[in-house]
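Engineer: Starting off with a structure, shown below.
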Amino acid sequence: MDNNLKHGHDDSAETIVKELRTTFREEAYELLAELEYALLELEKTPGDKEQIGRVFRAMHTIKGSGGVCEFHDIVAFTHELETILDKVRNGKVAVTKEIINLTLSARDQIKALFNRYYRGASADDAKTREILTSFKKLLHKTEEHGATVPEGTQQKEPQIRCKTYRIRFCPGAAVFLQGTNPVNVLNELRKIGTCKVVAQTDAIPYLENLDPQACHIYWDIIVTTSRGMNAIRDVFSILKDNDELKIEVIDEAGHLDDEITYKKLGEILLERGDLAPDDLQKALKSKKRVGDFLIETGVVPGTKVESALIEQQHVREMREQRQGFDPLLSLRVSTGKLDSLVNLVGELVTVQARLSQTALVSGMTELLLIAEEVERLTGSLRESAMNIRMLPIGTTFSKFKRLVRDLSVGLGKEIEMTADGAETELDKTVIERLGDPLIHIIRNSISHGIEQPEAREAAGKPRKGAIHLSALHSGAHVLIQVRDDGAGLDRDAIRTKAVEKGFLQPDATPTDRELFSLIFAPGFSTAKTVTDVSGRGVGLDVVKKTIDALRGSITLTSQRGMGTTITLRLPLTLAIIDGLLVTIDKQYYVMPLSFVHECVELTAGDKKGNHGRHIASVRGEIVPYIHLREQFRIEGDPPAIEQIVITETDGKRVGFVVDIVIGGHQTVIKNLGTYYQYVEGISGATILGDGTVALILDVPKLVRAVEKEEVHIAANMSQWDLTSLSGSG
């Protein structure tokens with residue numbers, strides 16, 4: 001009996017430890033990422049006590065939580081490291097490059113120990129002892145020579161407290177005639193902090209009274225910055241006397257930091273002078289929401305209500321950031337549960353489409369009202385589900401600082417990595433799959449792009465090279481750029497290697513864009529020697545495959561001696577998209593709306609006038625088009641009047657001829673399965689409201705497929721020209 005009780009107790013304790021380890025798993029790797037980031041920042045500013053504190057706190061948390069989870073070897077290791085770091089924190093030992101290197105190695109060893117528990121990987125315990133021995137030797141050496149923190153470098157310069165400002169910028173009507181572009185002013189303002197801008201258009205007159213040379217727009221701006229009021233006024237220093245500018249402080253760090261909530265909508269509008277007290281009382285007495293009532297009654301323009309709502313959200317976000325992580329305000333959810341939620345929302349969108357179509361066919365008023373309400377709720381649920389999966393890309397950017405540091409040291413180069421747009425949000429799945437392509441691009445920039453310090457000095461450049469990562473939203477896409485200031489691509493070397501590999505005919509005369517794109521071909525490398533970093537022709541072809549699989553695109557520009565820029569264009573999400581529903585011979589297809597610009601008609605007369613060439617004149621511009629009926633080899637006669645869907649991809653306008661354009665359609669993307677996953681030009685499928693399957697067209701791949709086909713047909717042509725698309729399909 002006693003033995004049974006004892007075993008039962010042991011089993012219960014073991015179960016608790018397993019649960020604790022599972023709970024701690026994600027936090028453990030987040031702490032390691034925080035530790036690495038703090039160490040890299042500390043390397044830049046060795047006397048920064050704030051960064052030293054971040055390093056110490058991360059290590060202390062790993063030790064404390066590791067003890068609860070019974071990671072005994074990790075606890076013993078971090079305890080020794082914590083003792084050493086405590087000397088640094090107390091100013092007894094200076095932060096040196098050797099200490100940073102050793103602490104980074106210790107961080108890597110802690111990760112290896114976690115991987116042994118969580119991923120079944122191997123970890124060398126001898127490495128733990130080696131790191132501790134190296135630390136003790138280094139500390140003994142520094143103590144012998146009395147290497148303490150230099151006086152005056154122990155504390156960072158105090159920073160100006162972050163404040164949030166409300167700005168109303170009303171340029172005078174003659175601002176354009178005075179040579180000032182207000183958009184440039186707004187762009188400058190974005191550079192000094194986190195900024196939200198809303199254009200107010202209520203002062204624009206009717207068309208008959210419109211002066212095209214006058215400015216009728218003004219802007220509401222919310223900006224959070226630590227640069228202070230003077231920095232903001234400097235941005236607006238170019239303004240003239242007839243321009244109006246109002247700047248107010250509405251929130252600051254340390255003020256009401258225990259509160260997340262902010263002023264109500266009515267209060268904000270009153271403070272701005274956009275709403276009278278009597279009108280607010282009427283809105284409060286109505287049964288509707290204040291914002292809805294004000295817009296419906298025309299008391300306040302919709303853009304001013306939107307601006308006030310953006311102010312509310314902005315201040316809440318800033319206060320949440322200042323508060324940091326609060327376990328009561330956040331909840332960890334496994335990726336599997338999120339994927340399941342998105343799948344269910346996708347199914348719900350499909351069912352909602354069926355309900356709307358059934359209601360429309362039935363003509364029942366009550367059913368139509370229910371269908372409209374379900375459509376509204378489904379749309380809101382879809383947006384919420386998508387937002388849950390969205391993460392700032394900065395979590396990925398921060399991982400590359402260590403990569404740049406280690407590779408630059410290994411290659412004897414001096415390189416600094418900078419980044420902006422870290423707050424740009426992207427679907428979690430896209431971010432996860434984006435890591436490897438960015439690693440390959442950065443490695444390539446360091447290996448092939450950035451020159452040795454001596455070579456840079458000889459070329460009149462700074463010794464230290466630069467790699468810059470940036471991200472920004474562009475419609476339904478995110479643009480991610482990796483830019484270096486290195487030597488740029490060697491056109492002659494790429495051409496020689498391309499001819500040698502058989503990728504290019506010896507007498508071909510490709511454009512720079514076509515030639516540079518060859519570096520993404522499998523097995524292509526211009527490196528003269530094979531190193532640990534490059535030279536095997538593996539890397540950029542993987543980038544191309546991954547980006548294609550994400551339904552994205554890559555563009556590359558380079559200038560010899562100045563550097564190279566690689567731009568990745570990626571969809572915000574892979575689950576649900578807004579599409580344009582079209583038909584060809586009663587078969588349904590969906591084109592991603594983010595590529596679509598407009599639709600125009602194509603008549604038999606138009607085709608006859610172009611003598612069979614696949615080109616159309618759209619407001620004086622020649623646009624080539626692809627006839628999808630011919631491309632997909634669909635038999636039958638097309639209608640007398642067809643439709644051209646004008647798209648833009650890779651900077652080129654290309655049309656797609658279809659029978660009928662039905663209209664916008666919220667599309668839940670379904671995989672085609674293993675048998676059809678490599679079909680060129682088709683990225684997936686969706687189910688329409690009546691149960692019909694519609695194929696989703698991959699616009700960039702369709703364009704590239706036709707380009708390849710035309711090049712193959714006209715192999716003797718020296719250069720591909722998209723405007724030569726002809727009736728060959």
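Engineer: Over the stretch 394-571, what is the mean sequence separation of C-alpha contacts under 8 Å (at least six apart), divided by residue count, expressed as relative contact order in percent?
Structural biologist: 24
Engineer: How compact and how long is the stretch 391-467, expressed as Rg and Dmax of its alpha-carbon atoms in Å?
Structural biologist: Final numbers for Rg and Dmax: 14.0, 44 Å.
Engineer: List the aspartates and glutamates whose Cα lies under 18 Å from the Cα of K282, skipping any in the same chain that are fewer than 8 positions away.
Structural biologist: Candidates past the 8-residue exclusion: E267, E271, D274, D292, E296.
Engineer: Then there's this: Rounded to a whole number, what is D in µm²/s for the stretch 556-706 from Stokes-Einstein with the Kirkwood radius over alpha-carbon pairs (25 °C, 0.890 mPa s)?
Structural biologist: 147
Engineer: Can you work out the FRET efficiency for the pair T261 and L341, with r the C-beta to C-beta distance and R0 = 35 Å, to the nearest 0.05?
Structural biologist: 0.80
Engineer: Here's another thing I want to ask about it. If I take every Cα pair under 8 Å that is 6 or more residues apart in the stretch 163-323, average their sequence separation and divide by the length, what percent do I get for the relative contact order?
Structural biologist: 31
Engineer: Just check the stretch 163-323 against the gyration tensor rule for me: Cα atoms, a ≥ b ≥ c as the square roots of the eigenvalues, rounded for a/c under 1.5, and otherwise prolate or oblate depending on whether a/b exceeds b/c.
Structural biologist: Oblate is the answer for the stretch 163-323, as a/c is 1.5 or above yet b/c matches or exceeds a/b.
Engineer: Working from the pairwise distances between different alpha carbons, so that the mean of 1/r is found and then inverted, what is the chain's Kirkwood radius in Å?
Structural biologist: 30.7
Engineer: Quick check on my link table: of K49/K191; K44/K428; K497/K701; K163/K246; K141/K413; K18/K399, which ones sit more than 19 Å apart, alpha carbon to alpha carbon?
Structural biologist: K49/K191; K44/K428; K497/K701; K141/K413; K18/K399
Engineer: Also, I was wondering about something else. Under the rule of -39500 (n - 2.57) per DSSP H run of 4 or more residues, summed and divided by the residues of the chain, what mean residue ellipticity at 222 nm is obtained, to the nearest 500 deg cm²/dmol?
Structural biologist: -14500 deg cm²/dmol
Engineer: Here's something else I'd like to know. Return the loop-located chymotrypsin sites (Phe, Trp or Tyr not before Pro) in the stretch 616-686 (DSSP other than H, G, I, E, B) with at most 12 other Cβ atoms within 10 Å of their own Cβ; answer none if there are none.
Structural biologist: Y675, Y676, Y678
Engineer: Are there trypsin sites (Lys or Arg not before Pro) in the stretch 552-612 that DSSP puts in a loop and that have at most 10 other Cβ atoms within 10 Å, and which ones?
Structural biologist: The qualifying sites are K586.
Engineer: Return a whole-number percent for the relative contact order of the chain, with Cα pairs under 8 Å and 6 or more residues apart as the contact set.
Structural biologist: Here the relative contact order equals 8 percent.
Engineer: Roughly what would the spin-label model give for E709 and R57, points 7 Å off Cα along C-beta, in nm?
Structural biologist: 6.0
Engineer: Which shape class, rounded, prolate or oblate, goes with the stretch 432-501 when its Cα gyration tensor gives a ≥ b ≥ c as root eigenvalues, a/c under 1.5 marks rounded, and past that a/b bigger than b/c marks prolate?
Structural biologist: oblate
Engineer: Alpha carbon centre of the stretch 342-399 versus the stretch 260-300: separation in Å?
Structural biologist: Result: 29 Å between the Cα centres.
No value in this document is a laboratory result; all are computed from the given coordinates. In this text the structure is predicted, and so the values were computed from the model without any measurement. Cβ: placed from backbone, ideal geometry, glycine included. Neighbour counts: every protein chain shown.
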